[in-house]
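The values are calculated or read from the model by the stated rules, or taken from the named source; none is laboratory data. Values in this document were obtained by computation on a predicted structure and should not be read as measured data. Neighbour counts run over all protein chains shown; Cβ positions are idealised from the backbone, glycine included. Surface accessibility is based on the protein's heavy atoms, side chains included, excluding ligands, DNA and RNA. Shrake-Rupley method; radii C 1.70, N 1.55, O 1.52, S 1.80 Å.
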Amino acid sequence: MYDNPHWQLARTPPEGWPTDGDFRYEIEAAPDPGPNQALTRTLYLSLDPYQWGRRRGGIEVPGEVCHGRTVSQVTASRSTVYREGDYIFNTNGWQTYGLVGEGVSHFNYMHPRQLDATLAPISTALGVLGMLGLTAYAGLVAQCKPQAGETVVVSAASGGVGQVVGQIASLLGCRVVGIAGAQHKCNFVRTELGFDSCVSHRAPNLRAALTAACPDGVDIYFENVGGAVFEAVLPYFNHGARISLCGMISQYGNTDGKDAGEVWQAMGAATFARQQMNVHRLFVGNYVDSHQAEFLERMGAWVGAGRIRYREDLSSGLEQAPAAFAAMLEGRNFGKTLVGVGDDPSLDSATTLRRQSGNTLGG
Ligand code: NDP
């Protein structure tokens, strides 16, 4: 019998960004696995903007364990599929232990799967080789169909999705321009990830910076933030430009009652029509059956060959989850936001030390 520390949603959150009062830390006994089930210990918890939408929108109810994707290790098993010691992707949520196997519900399209720690660090199943990577791949490759020589602009460029979008676009021969907040994020995107340019949305004159960075206009825009950043990009769209509307994180704390998607659409409508643009709304769940296998094969090869790099923003200890979650929503993360819940036995001691010293750049 193990103790199972976890975070519950304390209330349906009010306006704005997360605060301490939204979450409650509890310790209960971990469940015993039933027939054809296994008990897993969470190693990494993924913190993602969509979780805030679920909580604010009442999909997650007070008293429930907060939802989240995880990488876990099987600690006890009554299953022939999940054996003790196996590493798996699953959705334990913000808790230390969870079940997987027969009769255990998982979050709609996020099917549990086995991970091979010899192919890539297992944490990548929550980032570059997981739903975030697939989001980037689906929006850029499947929806926008980039051609070599085109200019691709991506917002939240240093984040989990944005860093992958830009690097894939570079590999496909595009000119890539990132938009990020802090200057150190812009520097990272240019020097470590190899984007052609990166402009700060905090710069006093974002328009002038975009004019310099996009001398041939914009052919593809990968939208992660909306709001003022989208408004700044609008004048640069070329005829026939494409947009993948992936997310609008600048709107997730807004409470003016307006539908963020409708506001965004209205802002761009005249430009979309004039430039005969294609605007694709993205929901990654729609691309799991059709594109996940192709994505894992191509991205696995790119990551394995060091052609795609990734940065993780790793906090240590489940207690840190609410603070790390708020930091991510407010732009204080730097890379894919993860919480290390338990020690990762798949890492060698050198990598563990490197990570403890704050270096979470991989690939
Ligand atoms: P990130 O790691 O990119 O973290 C969020 C980043 O957003 C922050 O680091 C910050 O970067 C930026 N940001 C926050 N507030 C603002 C603001 N007001 N204006 C401009 N930038 C802001 O998160 P993810 O990679 O996890 O997610 C990126 C987007 O992808 C989100 O919108 C998310 O909802 C969406 N998404 C959509 C999916 C789909 O199926 N459509 C699936 C998965 C994710 P900076 O400091 O550089 O400004």
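Points to keep in mind about this one:
- Extreme residue, positive dipole direction of the chain, given options Ala270, Val339, Thr70 (C-beta unit charges): Ala270
- Extension gain from Thr271 to Asp259, taking 0.36 nm per residue of separation minus the Cα-Cα distance: 2.3 nm
- Alpha-carbon gyration tensor eigenvalues x 5, square-rooted, for the range 78-184, Å: 34, 15, 13
- Given charges at beta-carbon only (K, R positive; D, E negative), |dipole| of the range 1-128 in Debye: 240 debye
- Cα centre as origin, Lys/Arg/Asp/Glu Cβ charges: the range 209-363 dipole, Debye: 340 debye
- Within the accessible area of the range 1-62, the carbon and sulfur atoms contribute 52%, probe 1.4 Å, all protein chains present.
- Tyr25-Arg11 pseudo-label distance in nm [points 7 Å out on the Cα-to-Cβ vector]: 2.0 nm
- Rg to Rh, two decimals, where the chain supplies the alpha carbon set and Rh follows Kirkwood: 0.97
- The C-alpha radius of gyration of the range 111-259, expressed as a fraction of 2.2 N^0.38 Å, stands at 1.05.
- For Lys145, Lys185, the ranking by accessible surface with the largest value first comes to Lys145, Lys185, using a 1.4 Å probe.
- Karplus-derived 3J(HN,Hα) values for the range 340-349, using 6.51 cos²θ - 1.76 cosθ + 1.60 with θ = phi - 60°, are x, 8, x, 4, 8, x, 7, 8, 6, 5 Hz; glycine and proline are entered as x.
- By the Cα gyration tensor, the range 197-322 has an equivalent ellipsoid whose semi-axes, rounded to whole angstrom, run 28, 21, 19 from largest to smallest.
- Relative contact order computed over the chain (Cα-Cα under 8 Å; 6+ residues apart), in percent: 17 percent
- Qualifying GluC sites (Glu not before Pro) for the range 63-150 [loop in DSSP, other Cβ within 10 Å: at most 14]: Glu64, Glu84, Glu102
- Using equal-weight Cα scatterers in the Debye expression, the normalised intensity of the range 249-317 in log10 at q = 0.13, 0.21, 0.27 Å⁻¹ is -0.77, -0.98, -1.11.
- Whole-number accessible area per residue in Å² for the range 31-80, which is evaluated in the context of all protein chains at 1.4 Å: 34 Å²
- Overall Cα dimensions of the range 24-111 - principal axes, largest extent first, Å: 38, 27, 22
- Cysteines, the chain, no other Cys beta-carbon under 4.7 Å: Cys66, Cys144, Cys174, Cys214, Cys246
- Per-residue packing, averaged as other Cβ atoms within 10 Å, sorts the ranges 112-125, 266-279 into the order 112-125, 266-279, beginning with the highest.
- Gain in span if fully extended, Ser316 to Tyr50, counting 0.36 nm per residue against the direct Cα distance: 93.6 nm
- Between Thr191, Ser46, His111, the Cα set farthest toward the positive side of the dipole of the chain (charges on each charged residue's Cβ, about the Cα centre) is that of Thr191.
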